Amino acid sequence: MSVKLTFLGTGASFGVPMLGCKCRVCRSNNPRNKRTRTSALISFDGHNILIDASPDFRCQALINNVDSLDAVLFTHSHADHTFGIDDLRAFSLREPITCYGDESTVEAIRRRFDYIFSPTPHLGSRPKLRLHSIKNNFRVSGLEFVPLPIRHGLDCITAYMFEGIAYITDASEIPEVTLQRIKSVDVLVLNALRFEPHAMHLGLWQAVDLAKTVGAERTYLVHLGHDLDYDEVSSMLPDGVQLAYDGLQIEV
Ligand SMILES: [Zn+2]
Ligand SMILES: [Zn+2]
Ligand SMILES: [Zn+2]
(Lines give C-alpha, C1' and ligand atoms only; values in the text may rest on other atoms or scores of the structure.)
(Ligands and ions follow the chains in the order given, each with its own letter.)
Protein backbone atom coordinates (compact mmCIF):
# COMPACT_ATOMS: atom_id res chain seq x y z
CA MET A 1 0.00 0.00 0.00
CA SER A 2 1.30 3.45 -0.85
CA VAL A 3 0.75 6.19 1.71
CA LYS A 4 1.03 9.86 0.85
CA LEU A 5 1.87 12.46 3.45
CA THR A 6 1.01 16.08 2.62
CA PHE A 7 2.53 18.80 4.76
CA LEU A 8 -0.51 21.09 5.04
CA GLY A 9 1.37 23.51 7.29
CA THR A 10 4.95 23.69 8.53
CA GLY A 11 5.01 26.83 10.68
CA ALA A 12 5.38 27.39 14.41
CA SER A 13 2.50 28.74 16.49
CA PHE A 14 2.76 32.33 15.16
CA GLY A 15 2.93 31.19 11.55
CA VAL A 16 5.38 32.82 9.14
CA PRO A 17 5.14 35.72 8.46
CA MET A 18 4.36 36.52 12.07
CA LEU A 19 1.84 39.31 12.52
CA GLY A 20 3.58 42.66 12.98
CA CYS A 21 7.09 41.31 12.33
CA LYS A 22 9.34 42.99 9.77
CA CYS A 23 12.26 40.55 9.92
CA ARG A 24 14.01 39.27 6.80
CA VAL A 25 12.18 35.94 6.69
CA CYS A 26 8.75 37.47 7.42
CA ARG A 27 9.29 39.96 4.56
CA SER A 28 10.74 37.31 2.21
CA ASN A 29 9.06 36.66 -1.14
CA ASN A 30 10.15 33.02 -1.19
CA PRO A 31 6.93 30.94 -1.05
CA ARG A 32 8.82 28.37 1.05
CA ASN A 33 9.11 31.00 3.77
CA LYS A 34 5.30 31.26 3.99
CA ARG A 35 4.32 28.80 6.70
CA THR A 36 0.85 28.08 8.03
CA ARG A 37 0.53 26.30 11.37
CA THR A 38 1.87 22.73 11.46
CA SER A 39 -0.48 19.98 10.33
CA ALA A 40 -0.36 17.06 7.90
CA LEU A 41 -2.66 14.83 5.89
CA ILE A 42 -2.20 11.08 5.46
CA SER A 43 -3.84 9.78 2.25
CA PHE A 44 -4.18 6.18 1.04
CA ASP A 45 -6.76 4.19 -0.97
CA GLY A 46 -9.22 7.10 -0.99
CA HIS A 47 -8.91 7.68 2.77
CA ASN A 48 -7.76 10.92 4.41
CA ILE A 49 -6.55 11.19 7.99
CA LEU A 50 -5.65 14.59 9.40
CA ILE A 51 -2.93 15.13 11.98
CA ASP A 52 -3.97 18.17 14.07
CA ALA A 53 -6.58 20.76 13.11
CA SER A 54 -4.61 23.98 12.91
CA PRO A 55 -6.21 27.46 12.92
CA ASP A 56 -5.30 27.51 9.21
CA PHE A 57 -7.08 24.21 8.47
CA ARG A 58 -9.82 25.64 6.22
CA CYS A 59 -7.36 27.34 3.88
CA GLN A 60 -5.00 24.36 3.99
CA ALA A 61 -7.83 22.04 2.95
CA LEU A 62 -8.88 24.34 0.10
CA ILE A 63 -5.34 24.77 -1.24
CA ASN A 64 -4.64 21.03 -1.10
CA ASN A 65 -8.04 19.92 -2.48
CA VAL A 66 -8.98 17.94 0.62
CA ASP A 67 -12.59 16.89 0.12
CA SER A 68 -13.22 14.39 2.91
CA LEU A 69 -11.81 13.24 6.22
CA ASP A 70 -11.98 9.81 7.85
CA ALA A 71 -10.46 10.81 11.18
CA VAL A 72 -8.26 13.29 13.03
CA LEU A 73 -5.25 12.42 15.18
CA PHE A 74 -4.35 15.10 17.71
CA THR A 75 -0.78 15.34 18.99
CA HIS A 76 -1.79 17.65 21.86
CA SER A 77 -4.30 20.35 22.70
CA HIS A 78 -2.36 23.59 22.12
CA ALA A 79 -4.22 26.28 20.17
CA ASP A 80 -2.01 26.01 17.08
CA HIS A 81 -2.95 22.31 16.77
CA THR A 82 -6.66 22.41 17.62
CA PHE A 83 -8.24 25.78 16.81
CA GLY A 84 -9.31 24.69 13.34
CA ILE A 85 -11.68 22.18 14.93
CA ASP A 86 -14.86 24.08 14.02
CA ASP A 87 -14.01 23.79 10.32
CA LEU A 88 -14.30 20.01 10.61
CA ARG A 89 -18.04 20.77 10.39
CA ALA A 90 -18.06 20.66 6.60
CA PHE A 91 -16.61 17.13 6.59
CA SER A 92 -18.90 15.80 9.34
CA LEU A 93 -22.29 16.72 7.87
CA ARG A 94 -23.17 13.09 7.14
CA GLU A 95 -21.02 10.99 9.43
CA PRO A 96 -19.33 12.00 12.68
CA ILE A 97 -15.54 12.17 12.51
CA THR A 98 -13.60 10.27 15.16
CA CYS A 99 -10.81 12.31 16.76
CA TYR A 100 -8.01 10.43 18.51
CA GLY A 101 -5.64 11.71 21.15
CA ASP A 102 -4.15 10.79 24.51
CA GLU A 103 -6.38 11.15 27.54
CA SER A 104 -5.28 14.64 28.58
CA THR A 105 -5.62 15.95 25.00
CA VAL A 106 -9.11 14.50 24.63
CA GLU A 107 -10.18 15.93 27.99
CA ALA A 108 -8.76 19.39 27.15
CA ILE A 109 -10.55 19.40 23.78
CA ARG A 110 -13.82 18.35 25.41
CA ARG A 111 -13.52 21.20 27.95
CA ARG A 112 -12.31 23.90 25.59
CA PHE A 113 -14.88 23.20 22.86
CA ASP A 114 -17.77 22.37 25.17
CA TYR A 115 -20.32 23.69 22.64
CA ILE A 116 -19.35 20.81 20.32
CA PHE A 117 -19.74 18.07 22.91
CA SER A 118 -22.58 19.45 25.01
CA PRO A 119 -25.61 17.10 25.01
CA THR A 120 -27.95 20.13 25.10
CA PRO A 121 -29.81 20.34 21.77
CA HIS A 122 -29.30 23.57 19.88
CA LEU A 123 -30.28 24.99 16.51
CA GLY A 124 -26.90 26.14 15.19
CA SER A 125 -24.56 23.82 13.35
CA ARG A 126 -21.53 22.35 15.04
CA PRO A 127 -19.05 19.70 13.99
CA LYS A 128 -20.11 16.14 14.71
CA LEU A 129 -17.08 14.66 16.39
CA ARG A 130 -16.44 11.58 18.48
CA LEU A 131 -13.52 11.83 20.87
CA HIS A 132 -11.56 8.66 21.40
CA SER A 133 -8.72 8.48 23.88
CA ILE A 134 -5.86 6.19 22.90
CA LYS A 135 -3.00 4.59 24.77
CA ASN A 136 -2.06 1.58 22.65
CA ASN A 137 -1.82 0.82 18.92
CA PHE A 138 -5.06 1.49 17.04
CA ARG A 139 -6.34 1.19 13.48
CA VAL A 140 -8.07 3.80 11.35
CA SER A 141 -9.47 2.78 7.95
CA GLY A 142 -7.19 -0.24 8.06
CA LEU A 143 -3.96 1.66 8.81
CA GLU A 144 -2.21 0.87 12.07
CA PHE A 145 -0.97 3.73 14.25
CA VAL A 146 1.46 3.49 17.15
CA PRO A 147 1.14 6.37 19.62
CA LEU A 148 4.46 7.24 21.28
CA PRO A 149 5.20 9.59 24.18
CA ILE A 150 7.40 12.66 23.68
CA ARG A 151 8.20 15.63 25.93
CA HIS A 152 6.95 19.13 25.09
CA GLY A 153 8.34 21.32 27.89
CA LEU A 154 6.66 20.02 31.05
CA ASP A 155 3.98 18.11 29.14
CA CYS A 156 3.97 14.61 27.71
CA ILE A 157 2.36 14.64 24.26
CA THR A 158 1.89 12.14 21.44
CA ALA A 159 3.90 11.27 18.35
CA TYR A 160 2.42 8.85 15.79
CA MET A 161 4.23 6.09 13.93
CA PHE A 162 2.59 4.45 10.89
CA GLU A 163 3.73 2.75 7.67
CA GLY A 164 7.44 3.50 8.21
CA ILE A 165 6.82 7.14 9.13
CA ALA A 166 7.29 8.71 12.56
CA TYR A 167 5.47 12.04 12.90
CA ILE A 168 6.79 14.13 15.77
CA THR A 169 5.85 17.74 16.34
CA ASP A 170 6.37 20.06 19.32
CA ALA A 171 9.00 17.86 20.97
CA SER A 172 11.54 19.36 23.33
CA GLU A 173 12.94 15.92 24.10
CA ILE A 174 12.40 12.38 22.87
CA PRO A 175 12.41 9.76 25.63
CA GLU A 176 14.66 6.74 25.14
CA VAL A 177 11.67 4.39 24.92
CA THR A 178 10.35 6.33 21.91
CA LEU A 179 13.80 6.66 20.32
CA GLN A 180 14.17 2.89 20.38
CA ARG A 181 10.75 2.42 18.73
CA ILE A 182 11.37 4.86 15.86
CA LYS A 183 14.83 3.58 14.93
CA SER A 184 13.40 1.47 12.12
CA VAL A 185 11.44 4.21 10.30
CA ASP A 186 12.14 5.28 6.72
CA VAL A 187 10.78 8.79 7.19
CA LEU A 188 11.09 10.96 10.28
CA VAL A 189 9.09 14.17 10.64
CA LEU A 190 10.54 16.26 13.45
CA ASN A 191 10.09 19.80 14.75
CA ALA A 192 12.76 22.53 14.79
CA LEU A 193 11.71 25.99 15.98
CA ARG A 194 14.80 28.17 15.54
CA PHE A 195 18.60 28.05 15.72
CA GLU A 196 18.65 28.34 19.52
CA PRO A 197 17.11 25.71 21.76
CA HIS A 198 13.81 26.60 23.46
CA ALA A 199 12.20 25.29 26.66
CA MET A 200 9.25 23.82 24.73
CA HIS A 201 10.80 22.94 21.35
CA LEU A 202 13.88 21.43 19.78
CA GLY A 203 16.31 23.86 18.21
CA LEU A 204 17.55 23.25 14.66
CA TRP A 205 20.83 21.57 15.62
CA GLN A 206 19.22 19.45 18.34
CA ALA A 207 16.78 18.24 15.69
CA VAL A 208 19.62 17.49 13.26
CA ASP A 209 21.46 15.52 15.97
CA LEU A 210 18.30 13.55 16.73
CA ALA A 211 17.78 12.88 13.03
CA LYS A 212 21.29 11.34 12.95
CA THR A 213 20.54 9.25 16.02
CA VAL A 214 17.32 7.92 14.50
CA GLY A 215 19.02 7.36 11.14
CA ALA A 216 15.88 7.49 8.97
CA GLU A 217 16.54 7.62 5.24
CA ARG A 218 14.73 10.98 5.05
CA THR A 219 14.01 13.51 7.79
CA TYR A 220 11.67 16.47 7.26
CA LEU A 221 11.70 19.37 9.72
CA VAL A 222 8.44 21.14 10.61
CA HIS A 223 7.01 23.67 13.13
CA LEU A 224 9.54 26.16 11.79
CA GLY A 225 9.76 29.70 13.14
CA HIS A 226 10.73 32.94 11.44
CA ASP A 227 14.43 32.55 12.29
CA LEU A 228 14.76 29.91 9.62
CA ASP A 229 15.14 31.11 6.04
CA TYR A 230 14.35 28.20 3.72
CA ASP A 231 17.28 28.60 1.29
CA GLU A 232 19.85 29.57 3.91
CA VAL A 233 19.02 26.71 6.28
CA SER A 234 18.64 24.19 3.45
CA SER A 235 22.24 24.85 2.40
CA MET A 236 23.46 24.03 5.93
CA LEU A 237 21.64 20.74 6.45
CA PRO A 238 23.32 17.34 6.10
CA ASP A 239 22.21 14.88 3.43
CA GLY A 240 18.89 13.24 4.23
CA VAL A 241 17.62 16.11 6.39
CA GLN A 242 15.51 18.87 4.88
CA LEU A 243 13.08 21.61 5.82
CA ALA A 244 9.53 20.72 4.91
CA TYR A 245 7.38 23.41 3.32
CA ASP A 246 3.64 23.95 2.96
CA GLY A 247 2.21 21.73 0.24
CA LEU A 248 5.16 19.29 0.10
CA GLN A 249 3.98 15.74 -0.59
CA ILE A 250 5.94 12.56 0.00
CA GLU A 251 5.10 8.94 -0.66
CA VAL A 252 6.12 5.91 1.32
ZN1 LIG B 1 2.76 23.86 18.17
ZN1 LIG C 1 9.73 37.68 11.55
ZN1 LIG D 1 2.52 22.81 21.47
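The values are calculated or read from the model by the stated rules, or taken from the named source; none is laboratory data. Note that the structure is predicted; figures quoted are calculated from it, not measured. Virtual Cβ from ideal backbone geometry, glycine too; neighbours counted across all protein chains shown. Just the protein is used for accessible areas: all its heavy atoms, side chains included, with ligands, DNA and RNA removed. Shrake-Rupley method; radii C 1.70, N 1.55, O 1.52, S 1.80 Å.
Going by accessible area, probe 1.4 Å, with all protein chains left in place, what is the ranking of K135, K22, largest first?
Heavy-atom accessible area, descending, gives K135, K22.
For K34, K212, write out the residues from largest to smallest accessible area, computed with a 1.4 angstrom probe and no ligands counted.
Numbers: K34 85, K212 135 Å².
Largest accessible area first, the residues go K212, K34.
Give the distance, in whole Å, between the Cα centre of region 24-42 and the Cα centre of region 1-22.
Here the answer is 5 Å between Cα centres.
Ranked highest first by the average count of other Cβ atoms within 10 Å around their residues, in what order do 173-184, 193-204 fall? Display every interim value, and only then the final one.
Working: 173-184: 14.8, 193-204: 17.4.
The peptides rank, most packed first, as 193-204, 173-184.
For n ≥ 4 DSSP H runs only, could you compute -39500 (n - 2.57) per run for the chain, divide by its residues and tell me the 222 nm figure to the nearest 500? Display every interim value, and only then the final one.
Values: 8 runs with 52 residues, N = 252.
Rounded to the nearest 500, it is -5000 deg cm²/dmol.
Regarding region 130-197, what whole-number volume in Å³ per residue does the convex hull of its Cα atoms give? Kindly include the intermediate steps, with their values, before the conclusion.
Values: hull volume 7.7 nm³, N = 68.
Dividing the Cα hull volume of region 130-197 by its residue count gives 113 Å³.
Could you check what % of the DSSP bridge pairs in the chain are antiparallel, to the nearest 5?
Numbers: 28 of 52 bridges.
Given both bridge residues lie in the chain, the antiparallel proportion sits at roughly 55 percent.
Determine by what factor the alpha-carbon radius of gyration of region 36-104 differs from 2.2 N^0.38 Å, reporting the quotient. Please report the intermediate quantities before stating the final value.
Working: Rg = 11.1 Å, N = 69, 2.2 N^0.38 = 11.0 Å.
Region 36-104 yields a ratio of 1.01.
Report, ordered by chain and residue number, the lysines lying within cross-link reach of K183, taken as a straight Cα distance under 27 Å and ignoring same-chain residues fewer than 8 apart.
Excluding near neighbours in sequence, the set is K4, K135, K212.
Which value, to two decimals, describes the C-alpha radius of gyration of region 1-131 once divided by 2.2 N^0.38 Å?
Numbers: Rg = 15.7 Å, N = 131, 2.2 N^0.38 = 14.0 Å.
Relative to the rule-of-thumb radius for its length, region 1-131 sits at 1.12.
Using only the Cα atoms, work out Rg/Rh for the chain, with Rh taken as the Kirkwood radius, to two decimals. Please report the intermediate quantities before stating the final value.
On the way: Rg = 17.4 Å, Rh = 18.3 Å.
Ratio of gyration radius to Kirkwood radius: 0.95.
Using the Cα atoms of region 10-65, I'd like the radius of gyration and the largest Cα-Cα distance, Dmax, both in angstrom.
Spelled out, the Cα radius of gyration and Dmax of region 10-65 are 13.2, 43 Å.
Please compute the per residue accessible area over region 90-176 with all protein chains in place, 1.4 Å probe, rounded to a whole number of Å². Write down the numbers at each step before the final one.
Details: 4590 Å² over 87 residues.
Value for region 90-176: 53 Å² per residue.
Please list, or write none, the lysines whose alpha carbon is within less than 16 Å of the alpha carbon of K34, excluding same-chain residues fewer than 8 places away.
Leaving aside lysines fewer than 8 places away in the same chain, those within reach of K34 are K22.
I'd like the distance separating the alpha-carbon centroids of region 103-142 and region 222-252, in whole Å.
Going from one Cα centre to the other spans 33 Å.
On the full set of protein chains, 1.4 Å probe, figure out the accessible area of V241 and give it in Å² to the nearest 10.
20
Using a 1.4 Å probe on the protein heavy atoms, what percent of the accessible area of the chain belongs to carbon and sulfur? Could you put the intermediate results ahead of the total?
Numbers: 5770 of 11580 Å².
Within the chain, the accessible surface is 50 percent carbon and sulfur.
Hey, in the GNM for the chain with a 10 angstrom Cα cutoff, which one of L50, L154, L210 fluctuates hardest?
Ranking L50, L154, L210 by mean-square fluctuation puts L154 first.
Give me Rg/Rg_expected for region 89-132, where Rg uses Cα atoms only and Rg_expected = 2.2 N^0.38 Å with N residues.
Working: Rg = 10.7 Å, N = 44, 2.2 N^0.38 = 9.3 Å.
Taking N as the residue count of region 89-132, the ratio is 1.15.
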